[in-house]
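The structure appears right after this line, and notes come after that.
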């Protein structure tokens, strides 16, 4: 097992503990079902008292959540999916046709201490708990978060893979509010804002989205992370089309996946092996996109090798304990410190436009402007293993040992910064679900590959 049997089994057991902390039971799903529904919230500390779509999907990738629970969450998410008509919101914001909520307020998820005072329903924007027509002022984009449809495709794939083979087509044809799952997924993918020529997800100053664990950033042009997620979703949808016997749809998605992969290489891949976060603003190397592109097979051959070597160099050079270039105990910075716009002061190019404080929306070194995050660790370790298995084992071992040493303080955390003591870290998320489940997923895949190599 990877990095070794004892550590892998410990992390798997601890992930079960984390998931139990994140498990909640909504008393009902208004407008969908009067029955209780088990959902998973992002963390075990009630920092996020709502049902976040991407985090729940990431927790399901642990392999530790049963199929009926996953099916229940998928049904609830799709029940709150927007319909075929664009929904205008206040302040010039909008919800596009077939958009997936960012998170959903459900009865029974809050406590008196975490009650956000908002109605139940779908929230399409980060940074707010409001499901009303006022969901923010545009600080988190003017269209709903782009990544959630791609995560829901992944959830459907996780469920289908766990079902008997003869039950998968019927699952995809199952209807939610009169529309089949496969139609809802396809419609959602077709409605996204992309550059038609390249197939890449696209932001412009007047039409942009905040997405995934980059949602406090403001990248412009072709967007790497959501484009990687779109590639993965296209591959999955091709498999669904084959399962349903729809050769034309399968070819459509195969062509889309190929076009995205080629466009990432031609528009976002740099000579030194990194994928830029975006093509016009925030052109710095992006750890999440680069490691994910290797993990999902978007980068192959020489391109993948260069990317893996770039990530290995950054890891090997991370020797400053307080200000490591890329990795602190297996927690990874969004972009190497060597790529900062102003070293030690300003990380991202978009921070030049920020009016919220001197150095950016979150302040330098905080959260997504210089914090270190463990969620992409499994992908990063997988990439390192392609060129240096010992380095991959080392970074995984560092993370597991750090988690074990800080269990009572809430490890694994949503993010940390080694220059900031844990008890002074602002907004520290504790017992954070994706911080355990995503590394576990990657380590499990590496374990399987190592077993295959042994024969």
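If you go through the range 173-205 one residue at a time, how many are over 30 Å from residue 278 (Cβ atoms) and surrounded by fewer than 19 Cβ atoms within 10 Å (Cβ to Cβ)? I'd like the intermediate steps shown before the answer.
Keep residues of the range 173-205 that are over 30 Å from residue 278 (Cβ atoms), which gives 173-183.
Still in the list and also surrounded by fewer than 19 Cβ atoms within 10 Å (Cβ to Cβ): 173-180, 183.
So the count comes out to 9.
Of the residues 83, 44, 63, 75, which is within 30 Å of residue 392 (Cβ to Cβ) and in contact with a strand residue (DSSP E or B) (Cβ under 9 Å, 6 or more places away or on another chain)? Quick ask: steps written out before the conclusion?
Details: 83 fails: within 30 Å of residue 392 (Cβ to Cβ); 63 fails: in contact with a strand residue (DSSP E or B) (Cβ under 9 Å, 6 or more places away or on another chain); 75 fails: within 30 Å of residue 392 (Cβ to Cβ).
Within the list 83, 44, 63, 75, the selection yields 44.
Determine which member of the set 430, 393, 444, 404 is part of a loop (DSSP other than H, G, I, E, B), more than 16 Å from the chain's Cα centre (by Cα) and surrounded by fewer than 23 Cβ atoms within 10 Å (Cβ to Cβ).
430
For the range 210-250, what are the residues that are more than 21 Å from residue 160 (Cβ to Cβ) and either over 13 Å from the mean Cα position of the chain (by Cα) or outside any helix (DSSP H, G or I) (or both)?
210, 211, 215, 216, 217, 218, 219, 220, 221, 222, 223
Mind listing whichever residues of the range 51-73 are farther than 18 Å from residue 435 by Cβ and surrounded by fewer than 24 Cβ atoms within 10 Å (Cβ to Cβ)?
66, 67, 68, 69, 70, 71, 72
Of the residues 373, 348, 329, 288, which is out of contact with any helix residue (DSSP H, G or I) (no Cβ under 8 Å at 6 or more places or on another chain), closer than 25 Å to residue 416 by Cβ and either crowded, with 18+ Cβ neighbours inside 10 Å or without any contact (Cβ under 8 Å) to a residue 60 or more places away in the chain (or both)? Before you say what the answer is, go through the steps one by one.
Working: 373 fails: out of contact with any helix residue (DSSP H, G or I) (no Cβ under 8 Å at 6 or more places or on another chain); 329 fails: out of contact with any helix residue (DSSP H, G or I) (no Cβ under 8 Å at 6 or more places or on another chain); 288 fails: out of contact with any helix residue (DSSP H, G or I) (no Cβ under 8 Å at 6 or more places or on another chain).
Among 373, 348, 329, 288, only 348 is out of contact with any helix residue (DSSP H, G or I) (no Cβ under 8 Å at 6 or more places or on another chain), closer than 25 Å to residue 416 by Cβ and either crowded, with 18+ Cβ neighbours inside 10 Å or without any contact (Cβ under 8 Å) to a residue 60 or more places away in the chain (or both).
Just to be sure, is residue 111 out of contact with any strand residue (DSSP E or B) (no Cβ under 8 Å at 6 or more places or on another chain) and either surrounded by fewer than 24 Cβ atoms within 10 Å (Cβ to Cβ) or at pLDDT 95 or above (or both)? Before the answer, list the steps.
Numbers: out of contact with any strand residue (DSSP E or B) (no Cβ under 8 Å at 6 or more places or on another chain): yes; either surrounded by fewer than 24 Cβ atoms within 10 Å (Cβ to Cβ) or at pLDDT 95 or above (or both): yes.
So residue 111 fits the description; yes.
If residue 356 satisfies every condition in (1) farther than 22 Å from residue 127 by Cβ; (2) surrounded by fewer than 19 Cβ atoms within 10 Å (Cβ to Cβ); (3) at pLDDT below 95 but one, which is the exception?
Failed condition: (1).
When only residues in the range 251-261 that are more than 30 Å from residue 166 (Cα to Cα) and touching a residue at least 40 places away in the same chain (Cβ under 8 Å) count, which is surrounded by the fewest Cβ atoms within 10 Å (Cβ to Cβ)? If you could, list the steps in order and put the result at the bottom.
Narrowing the range 251-261 to residues more than 30 Å from residue 166 (Cα to Cα): 259-261.
Imposing the further condition that a residue be touching a residue at least 40 places away in the same chain (Cβ under 8 Å) reduces the set to 259-260.
Details: 259: 17, 260: 25.
Within the range 251-261, the match that is surrounded by the fewest Cβ atoms within 10 Å (Cβ to Cβ) is 259.
Filter the range 17-42 down to the residues that are free of Cβ contacts under 8 Å to residues at least 60 places away in the same chain, surrounded by 14 or more Cβ atoms within 10 Å (Cβ to Cβ) and within 23 Å of the chain's Cα centre (by Cα), then identify the one that is nearest to residue 432 (Cα to Cα).
By that ranking, first place goes to 23.
The values are calculated or read from the model by the stated rules, or taken from the named source; none is laboratory data. Quick caveat: nothing in here was measured; it's all calculated off a predicted structure. When we count neighbours, we look across all protein chains shown, and the Cβ atoms used for this are built from the backbone with ideal geometry, even at glycine.
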